[in-house]
Each structure stands twice: as C-alpha cells, then as structure tokens.
Amino acid sequence: MTEEEARFLQVNPEGFFRDILAHLTDLLQDVVGTDLSEGFVGTIGTQIARKVGQSYDAALGPGQNCQDLHRLAKELVDFKRRIGGNFSVESITDTRIVLVNDRCPFGRMVVGKTPLCMMTMNVFGHFAANRMGSAHVTAAKTIARGHGGCRVIIDIGSDAEAIGDGGQTYYAD
C-alpha cells in the first residue's frame, strides 16, 4: 500500500477502542438488558473515579473534604477534557454544580448506548462524594438519549439523599 492510499484509512487506536466499547456495550445490553448493563458499566466508573481522584490528589494535593465546589468542578471538567469530552460549568451554588457538554468522550457512537452514561455519573458521583462526603448526580440530558448535549447536575451534602429525580446518590468510600 502506498502512503497516498494509506492516508485515507480511518483506522487509529482511539477509533478502534471506541468501536470495541460500542460493540461490548451493545452485546451487554442484548444479553443482560439496559439496567444490568448500567450496573456493570457503573462499577467500572467507580474504579476509574478512585484512580482519577488519586491522580488529582497526587498532582494538586489532597482534595478530601476540600469543601471547594469550584475546585471540584474544575477537576471534573479537566478530567473529561483530557479524555475527549467538552464539559463546562453552567453554574455553581453552595450545594450544586451544573455541568454541560457538547462532545461525548465516546464520540457519536454513544447514541442509544445509555449504559455508558453510568460511566460519567459514577465517575462524577464517587469523585464528588469522596471530596465532599456525599453527592447526588442526575444526568438531566445526555447525548446517548439523543439530546444535542449533556447536562449533569451534581448536588452536594445532606440534601443530596432527599432528591427523588431518578439520579443516583453516592457516599464517600
């Protein structure tokens, strides 16, 4: 194959691993259903959240109970940017962070693969809970569900448990 022919090939490591993930997600949904698939993917998100938290703590100093929602939001946005997402802060209050995103790290293949949203929810939820004690994460809009972008709401503190919006509550490890 000539260099001229090779430059038109759309094969690269990122696309290859995205395709593997897409096919694994489809298979998991077909075999065990969406609910159990979300549980499996969520477990991976929990493990990633621990590793990501350790990486940020090593680089920036411990974030445990830092009580700084602005730092937490910056870390979450930075992490997603590093893996190909385009999250930004829509708003921050004393107890809530709202993040929006117009580019999924999983690419356009995420549409219809809602279990992959559990990766984001669990990473955000466990990461936030380990820093703030508890967190409730709601994926109000997602690219996977066909929205043009994502809107993720992270509620912090004791009120996080009482929210009945279909989101998920997380506690510090």
Checklist entry - Gain in length, GLU90 to THR169, computed as 0.36 nm per residue apart minus the alpha-carbon separation, to one decimal in nm? => result 26.3 nm
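Given a 1.4 Å probe and every protein chain left where it sits, what share in percent of the accessible area of the chain is carbon and sulfur? Working shown, then result.
Values: 5240 of 9560 Å².
About 55 percent, which is the carbon plus sulfur part of the accessible surface.
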Checklist entry - Can you give the accessible area per residue of the stretch 1-157, in Å², using a 1.4 Å probe? => result 54 Å²
Checklist entry - Relative to the longest principal Cα axis of the chain, at what angle does helix 117-132 sit, 0 to 90 degrees, rounded to 10? => result 30 degrees
Checklist outcome for this item: Relative contact order as a percentage, the chain, C-alpha pairs under 8 Å and 6+ apart, gives 22 percent
Next on the checklist: Quick check for me: using +1 on Lys/Arg Cβ and -1 on Asp/Glu Cβ, what's the dipole size of the stretch 24-103 about its Cα centre, in debye to the nearest 20?
Outcome noted: 360 debye
Checklist outcome for this item: Cα-only Rg/Rh for the chain with Kirkwood Rh rounds to 1.02
Item to check | Formal net charge of residues neighbouring LEU76 (Cβ-Cβ distance under 12 Å; K, R +1; D, E -1) | outcome: +4
Checklist entry - Between ILE44 and ASP19, how many nm apart are label points set 7 Å from Cα along the C-beta direction? => result 1.7 nm
Checklist entry - With the chain treated as a Gaussian network of Cα nodes joined by springs under 10 Å, which of ALA129, ALA144, ALA58 yields the largest mean-square fluctuation? => result ALA58
Checklist entry - Which one of LEU99, LEU60, LEU69 has the biggest mean-square fluctuation once the chain is modelled by GNM with Cα springs under 10 Å? => result LEU60
Next on the checklist: Can you give the local net charge around SER37? Use residues other than it whose beta-carbon is closer than 12 angstrom to its beta-carbon, Lys and Arg +1, Asp and Glu -1.
Outcome noted: -3
Checklist entry - So which lysines can LYS74 reach, going by Cα to Cα under 21 Å and dropping same-chain residues fewer than 8 places off? => result LYS51, LYS141
Checklist outcome for this item: Note: ARG82 to HIS147 extended length (0.36 nm per residue) minus current alpha-carbon separation gives 21.2 nm
Checklist entry - Between MET119, GLY148, LEU36, whose Cα lies farthest towards the positive end of the dipole of the chain when Lys and Arg beta carbons carry +1 and Asp and Glu beta carbons carry -1, centred on the Cα centre? => result GLY148
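The values are calculated or read from the model by the stated rules, or taken from the named source; none is laboratory data. The structure displayed is predicted, hence computed values, not measured ones. Cβ sites come from the backbone with ideal geometry, for glycine too, and all protein chains shown count toward neighbours. Heavy atoms of the whole protein, side chains included, go into the accessibility calculation; ligands, DNA and RNA do not. Shrake-Rupley method; radii C 1.70, N 1.55, O 1.52, S 1.80 Å.
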